[in-house]
Amino acid sequence: MRNVTLESQSNPESHIPHPVFLYACLYRPPQSEPARASLAVIAQEFSPRYECHRDDLVSIDVSGLERLLGPARVIGEELRRDAASRGVRVHVAVAGARMAALVLAHARPGVTIVEPGGEAGALAPLAIGILERLDDVVGADPCVPPSQGYGEARQSAKRDGSRPGPTLRSGQARGSAPPSDAMVETLSVFKRWGLKTLGELAALPSADLASRLGRQALVWQAIARGDDVRPLVPTLEEERFESSLELEWPIEGLEPLSFVLTRLLEPLSTRLERRDRGAAVLHVLLRLVTKDVHARRLELPAPMRDVRALRTLALLDLESHPPAGAVDRVAVVIDPTPGRVLQHTLFTRAQPTPEQVSTLLARLGALMGQDRLGAPATVDSYRPGAFAMMPFATEHDDQRRTRGTRREQDEPDAARSALNVVSALRRCRQPVPARVTIDDGRPARVTTDRRGFVGGTVVSCAGPWRTSGNWWADRSGGTQTQPSYWNRDEWDVALNDGAVYRIFQDRDTEAWFIDAIVD
Amino acid sequence: MPLARADLESLLRTRRLDRTLTTALPPLDPAGIPDEYVCAPTGHTALDARLGGGFPRGHLSEIVGPRSSGRTSLLLQMLAAATARGELVALVDALDMLDVASADAAGVQLDRLLWVRGHVVTNPGLCRDLNQRAVEQAIRAFTLVLQAGNFGLVAFDAGEAPADAIRRLPFTTWMRLQRLIEGSQTAGVLVGSESMARSSSGLTVKLGIGASGFGIRGTRAIRFGSRLFEGFDVDVRVIRARARAREDATVALRTLAACGA
């Protein structure tokens, strides 16, 4: 007892089993026929800890799998056999270091097994050009800066502030990318130095290498020595956000449905928040008593996870598209998207959040009609009163913007000054038919039958201003008030009742109309 | 020894802490600089000076006047000034009469303008209740926008709406809207031919021509060029001011026709 105690005191780590890491790497060489199964599916069969670097390259943590399958060679053979059964021909490498397995899988076909501690020896005879094929893998590592060229490491990092991209998520596809210019330049330097193999690179003194080529060269040297430059970052499966509820009694109407939706959305919102995700698309699936499924799909303008906003949007949509019968099952599915990153500031005015704007637009759309709201936009046309309606954006920058287009800069300064106001028109979307008396070629009296447009004697006027357009279009097209073709003489008239109108005479029909009110 | 009430008030006035204790209002602007967080400037220098910085936020204000008195021009000027400050603005256009080209010419950043187009028609025919329902619908839309909050300026344009349709609205409508907007950073503006909100409004300005001696319409105040209309001169008169502006102040505006308007 005493001996054991003394022994453990003298060497406390001697009884702790040393963890043995074992990594397998699958590399699918370019093939003529497309792969029938992805490497991620094969990796999932062996370990939940795997990382997809590209769609043709995956590394798997197979530590501990020896107890189930046997030694490393058996694991490698099993991996190759499983891939072959799925119709995928792969290179398999099993080693104690992940980067060594990645390099060996690229370099050697079949199954390559490296005993723990022998990584450097296995890599040493490989040609140094193999690093070119790993450039994008190393550059994508979160802990490793992108490969930088000779003498440019710090300057480049400061200049572009580039960050390596994340590893692939499940379902994403990416092939091997061509080596970066910096990598090509570094390799050319290696070749000028006479280096041909990874072993020769590994043998160089690290301090001198870093002083000449920067820190990135140390990363390449670590790979050549069979060291891992970062741990494996497991690829996570995209989580499904769906929830459903079977109802004991069918429900009709939106009010009881709102309670059900709240109950379904609350746990989903919690899960979204936990994963830092927002809802991009909201699917509401209602199974009716008739066994039909009433499916609604809401594309949300901004990622959101607020339960009230989501429920309100779903209810407003269902209000305008009600189900045909009673509902006996409700399901909600959310397509997630990365959450918004908000940085509030004390120095700019608060603006409506995207949730508020989305809810407002949905409510206004239900009240007024979707075609009755939005952001107006000018169109490239000489048609009087032409405009377009654009969707009102839910997110706006909070910067004060200065108008700087060329057309606006060309406008007279007087109209832009703070001492004058630009006079505006009120357009009659349906021009008001008018009777106009002509005296000496100019309007002398304007009257209408329309309530509110009494008319009167013309005190002063200016015109005519002849405008026409779309003369090539079909004259029967368009509507009566907005024909695709127009040809008219415009006058601005001030009447004795104080009103100023823009009137026009259609040159085809010679009919007069009030087009706008100057206000 | 306790101070007398008069002494306390005197001290408070000296320290300018009397805003909530007495009816006296603080000076317009100590430094002469309008506070954008209290008022929404119109962008017209003289008018802003008269109004004490602009239209008050958290209040329902009115722009009233007859047809062709410059109401829309002033409204678009306010929208342009608000969007230039980076604010989002909304216009509930009860009669769907906004001229987008005029708004663009006035300087409104159109992508920051939420335009709600109403269904009020100028010729309802035999459907007498049509406009009434449409006005009520527009009021509901106006309410929704105010409830959303954080818009810099929200305008309800019923300038050409039939007067009877406006008058038939319950008076509590405006009280409710005023209550809704109180304490917010939104400046609510009603545009009409006559006063709608009455005592609910924070500021009422009346537009017209001739009040300050500009002359007879068509002879001097309205200008025509060789091509088309060129502009007119407008008097803006503050007829009710709850906040900073002084009542009965009058400002002359000159409107200029934009290119292509």
Quiz prompt | Cα gyration tensor shape for segment A:290-372, rounded if a/c is under 1.5, else prolate or oblate | solution = oblate
Quiz item: Could you give the nm distance between label points at residue B:239 and residue A:247, where each point is 7 Å from its Cα heading toward the beta carbon?
Solution: 5.5 nm
Quiz item: Given +1 on the Cβ of Lys and Arg, -1 on the Cβ of Asp and Glu, and no further charges, what dipole in debye does segment A:243-338 carry about its Cα centre, rounded to the nearest 20?
Solution: 320 debye
Quiz item: Under a point spin-label approximation (7 Å from Cα along Cα-to-Cβ), what is the residue A:266-residue A:449 distance to one decimal in nm?
Solution: 6.3 nm
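Rounded, prolate or oblate for segment B:65-118? Axes are the square roots of the Cα gyration tensor eigenvalues, ordered a ≥ b ≥ c, and the cut-off for rounded is a/c under 1.5. Could you put the intermediate results ahead of the total?
Working: a/c = 1.87, a/b = 1.31, b/c = 1.43.
Because a/c hits 1.5 or more and a/b fails to exceed b/c, segment B:65-118 counts as oblate.
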Quiz item: Where q = 0.10, 0.18, 0.22 Å⁻¹, what log10 of I(q)/I(0) comes from the Debye formula for segment A:425-518, counting one point per Cα?
Solution: -0.25, -0.78, -1.11
Quiz item: Restricting attention to the alpha-carbon atoms of segment A:181-304, what are Rg (one decimal) and Dmax (integer), both in Å?
Solution: 28.7, 81
Practice problem: Treat segment A:173-250 as a sphere of radius equal to its Kirkwood radius over Cα pairs and apply Stokes-Einstein at 25 °C in a medium of 0.890 mPa s; give the translational diffusion coefficient in µm²/s, rounded to a whole number. | Solution: 150 µm²/s
Quiz item: Any idea what diffusion coefficient segment B:59-198 gets from Stokes-Einstein, in µm²/s, Kirkwood Rh on alpha carbon pairs, 4 °C, 1.567 mPa s?
Solution: 86 µm²/s
Quiz item: So for the pair residue A:509, residue A:381, with labels modelled 7 Å out along Cα→Cβ, what separation do we get in nm?
Solution: 1.8 nm
Quiz item: Amide H to amide H, which residues 5 or more places from residue A:423 or on other chains are under 5 Å from it, using H placed in the peptide plane?
Solution: B:256, B:257, B:258
Self-check item: Gyration tensor (alpha-carbon) shape descriptor, segment B:33-91, a/c threshold 1.5
Solution: prolate
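When Lys and Arg each count +1 and Asp and Glu each count -1, what net charge do the other residues less than 9 Å away from residue A:302, Cβ to Cβ, add up to? Don't skip to the answer; put the middle values down first.
On the way: positive: A:340; negative: A:355, A:395.
Net of charged neighbours comes to -1.
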Quiz item: For segment A:243-338, how big is Rg over Rh, using alpha carbon atoms and the Kirkwood form of Rh?
Solution: 0.96
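Coordinate-derived values only; no laboratory data. These numbers come from a predicted model, not from an experiment. Every residue, glycine as well, gets a Cβ built from its backbone with ideal geometry; the counts of neighbours run over all protein chains shown.
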